[in-house]
Amino acid sequence: MTAPFDAVELIRTKRDGGRWGPAEVAWLIQAYTDGTIAEEQMSALAMAVFFRGLDAEELGGWTRAMIDSGERLDFSRLSRPTADKHSTGGVGDKITLPLVPLVAACGVAVPQLSGRGLGHTGGTLDKLEAIPGWRAALSTQEMLDQLETVGGVICAAGSGLAPADKKLYALRDVTGTVESIPLIASSIMSKKIAEGTGALVLDVKVGSGAFMKQLADARTLATTMVALGRGAGLPTVALLTDMSTPLGLTAGNGLEVAESVEVLSGGGPADVVALTLALAREMLSAAGRGDVDPEPVLASGRAMDVWRAMVGAQGGNPDAALPQARETEVVAAEADGWLAELDAMAVGVAAWRLGAGRARKEDPVQAAAGVTLGAKPGDRVRKGQPLIRLHTDTPERFARAREALVGAVRVTADPPPERPPLVIERIG
Ligand code: URA
């Protein structure tokens, strides 16, 4: 059978600044998924999109075609509403771990389909796999049962969800076409819409440790994703949040689980607590339960009860000790003063090099590796005070982690200016 369109013609159209019609966009994604369009042709198409962009109609069609490439989950028969959160990824971003049980404890079910990490921002599944016995793979029925009984589930996205995105993302990764707002927006939103959540809150990170370093780009990405969600009938809002310095005091899988458990116990760093509550309020409101205040629910221990049930339902032991790294080293303050800067990207790369992250998707990660912080920007520090503790099972990694931290810490004699707010802007 002859194809209705010619891939080379479509490449030329976009290369020269033209636009594709709806049938062309739908065919292009479907033909790439089934192998009719070759990898080298899709590489050229992705690069043309990178330079020329997609207009709103093309982007809507592109996203719909990616959703239609696979299955779509349906939670409409659950006894409670559903809401989910997606973060564009940041250093020390463990918010999903306390957030999912908190929102579930407030009466809104959370179906969180997550991935493993690649690069300097860890993946949620890697973090949870630091818990002895915990299992990421669930069948759809197991997921539905857990949502009904426990209220929250964090598990691996099955291969049936937006397979076009899986194939395209792997290609973008090796062709320098990841950093394109329409391609990122359609990639994220196709998976979230196919996941079947009833409402969606996006945490779009801005700053050195984020995909989007500039506020204007983060705003464009957030606005694009909110429009795609709403266009698909999914209530969607976005918060733009600061990622110039790590969230909380830990970056690394088991270390972040321990900090999340502190938050669920009523403690934990102020920024992690504040962002968890801000996102919980948005999720509850988007799911029609804006009357519930998550703060007293967190303080009551009910979110901790849900966490324990979630971990237990997936084979994990919530009481088991988390793995400890065999070796640690300290980076100390070189002078008395104020910690003016602690760069998120540098800390993320250090944690990654210590073994917390992977360079290729088949690499293993160390459950105990990472970084703990002894101070946050704005804190007073003393010469010799430990500012960063490095954790790893493989001490030959220390030197490269220290290299990543060169220039990352700035101590000043005078107090630094006020930091930007954690939640910079709301879009929606
Ligand atoms: N995360 C995704 O899922 N897709 C992208 O394109 C970028 C980040």
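The values are calculated or read from the model by the stated rules, or taken from the named source; none is laboratory data. Since we're looking at a predicted model, the values are computed, not measured. Using ideal geometry, Cβ is built from the backbone for each residue, glycine included, and neighbour counts are taken over all protein chains shown. In case anyone asks, the SASA skips ligands and DNA or RNA and just uses the protein heavy atoms, side chains included. Shrake-Rupley method; radii C 1.70, N 1.55, O 1.52, S 1.80 Å.
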Pairs returned, first residue in region 300-318 that is without any contact (Cβ under 8 Å) to a residue 40 or more places away in the chain, second residue that is not in a helix (DSSP H, G or I), beta-carbon separation under 7 angstrom, 6 or more apart or interchain, are 308/318; 312/318
Exactly one of 172, 116 is more than 11 Å from the ligand (Cβ to nearest atom), at pLDDT below 95 and either part of a loop (DSSP other than H, G, I, E, B) or under 29 Å from residue 364 (Cβ atoms) (or both), and that one is 116
Test for residue 254: is it under 30 Å from residue 373 (Cα atoms) and either among the small types (Gly, Ala, Ser) or within 12 Å of the ligand (Cβ to nearest atom) (or both)
yes
So, first residue at positive phi and among the small types (Gly, Ala, Ser) in region 368-390, second residue open to solvent by less than 20 Å² (accessible area, probe 1.4 Å) and assigned to a loop (DSSP other than H, G, I, E, B), Cβ within less than 8 Å, six or more apart or across chains; the pairs are 370/252; 384/333
Of the residues in region 139-169, those that are near the ligand (Cβ under 10 Å from one of its atoms) and over 17 Å from the mean Cα position of the chain (by Cα) come to 162, 168
Those residues of region 256-281 which are within 18 Å of residue 154 (Cβ to Cβ) and open to solvent by less than 30 Å² (accessible area, probe 1.4 Å) amount to 256, 257, 259, 260, 263, 264, 272, 275, 276, 279, 280
Result of the Cβ filter at 7 Å on region 223-249, keeping first residues that are more than 30 Å from residue 268 (Cα to Cα) and partners that are open to solvent by 10 Å² or more (accessible area, probe 1.4 Å) and modelled with pLDDT under 95, at least 6 apart or interchain, is 226/428
Of the candidates 31, 83, the one satisfying the condition of being crowded, with 17+ Cβ neighbours inside 10 Å and touching an Asp or Glu at 6+ places or on another chain (Cβ under 9 Å) is 83
Of the listed residues (264, 284, 247, 255), the one being touching an Asp or Glu at 6+ places or on another chain (Cβ under 6 Å), on the phi < 0 side of the Ramachandran plot and among the aliphatic types (A, V, I, L, M) is 247
Residue 77 meets each of (1) open to solvent by less than 50 Å² (accessible area, probe 1.4 Å); (2) within 30 Å of residue 151 (Cα to Cα) with one exception, condition (1)
Per the filter on region 58-106, residues touching a Pro at 6+ places or on another chain (Cβ under 7 Å) and acidic (Asp, Glu) are 84
When region 58-67 is checked residue by residue, the ones that are more than 15 Å from residue 192 (Cα to Cα), open to solvent by 10 Å² or more (accessible area, probe 1.4 Å) and not aliphatic (A, V, I, L, M) are 61
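Residue check: is residue 191 open to solvent by 60 Å² or more (accessible area, probe 1.4 Å) and within 13 Å of the ligand (Cβ to nearest atom)?
Against the criterion (open to solvent by 60 Å² or more (accessible area, probe 1.4 Å) and within 13 Å of the ligand (Cβ to nearest atom)), residue 191 qualifies.
Per-residue answers, yes or no, for (1) of a type in the set (Lys, Arg); (2) in a helix (DSSP H, G or I); (3) out of contact with any strand residue (DSSP E or B) (no Cβ under 7 Å at 6 or more places or on another chain):
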{"site": "65", "(1), (2), (3)": "no, yes, yes"}
{"site": "71", "(1), (2), (3)": "no, no, yes"}
{"site": "80", "(1), (2), (3)": "yes, no, no"}
{"site": "85", "(1), (2), (3)": "yes, no, no"}
{"site": "104", "(1), (2), (3)": "no, yes, no"}
Within region 47-57, restricting to residues that are free of Cβ contacts under 8 Å to residues at least 40 places away in the same chain and either in a helix (DSSP H, G or I) or among the aliphatic types (A, V, I, L, M) (or both), the one that is least open to solvent (accessible area, probe 1.4 Å) is 48
From the option list 107, 70, single residue qualifying as surrounded by fewer than 24 Cβ atoms within 10 Å (Cβ to Cβ), at pLDDT 95 or above and within 17 Å of residue 166 (Cα to Cα) is 70
The one condition residue 198 fails out of (1) assigned by TED's automatic domain parsing to the domain that holds residue 134; (2) within 25 Å of residue 91 (Cβ to Cβ) is (2)
Original post:
Does residue 185 satisfy the criteria of being within 9 Å of the ligand (Cβ to nearest atom), open to solvent by less than 20 Å² (accessible area, probe 1.4 Å) and closer than 25 Å to residue 74 by Cβ?
Top reply: yes
**Prompt:** Does region 97-111 include one or more residues that are in the same structural domain as residue 143 (by TED's automatic domain parsing), within 14 Å of the ligand (Cβ to nearest atom) and touching a residue at least 12 places away in the same chain (Cβ under 8 Å)?
**Reply:** no
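Being farther than 15 Å from residue 377 by Cβ and touching a Gly at 6+ places or on another chain (Cβ under 8 Å) narrows it down to one residue among 345, 304, 310; which is it? Steps first, answer last, please.
Values: 345 fails: farther than 15 Å from residue 377 by Cβ; 304 fails: touching a Gly at 6+ places or on another chain (Cβ under 8 Å).
Just one listed residue meets the conditions, 310.
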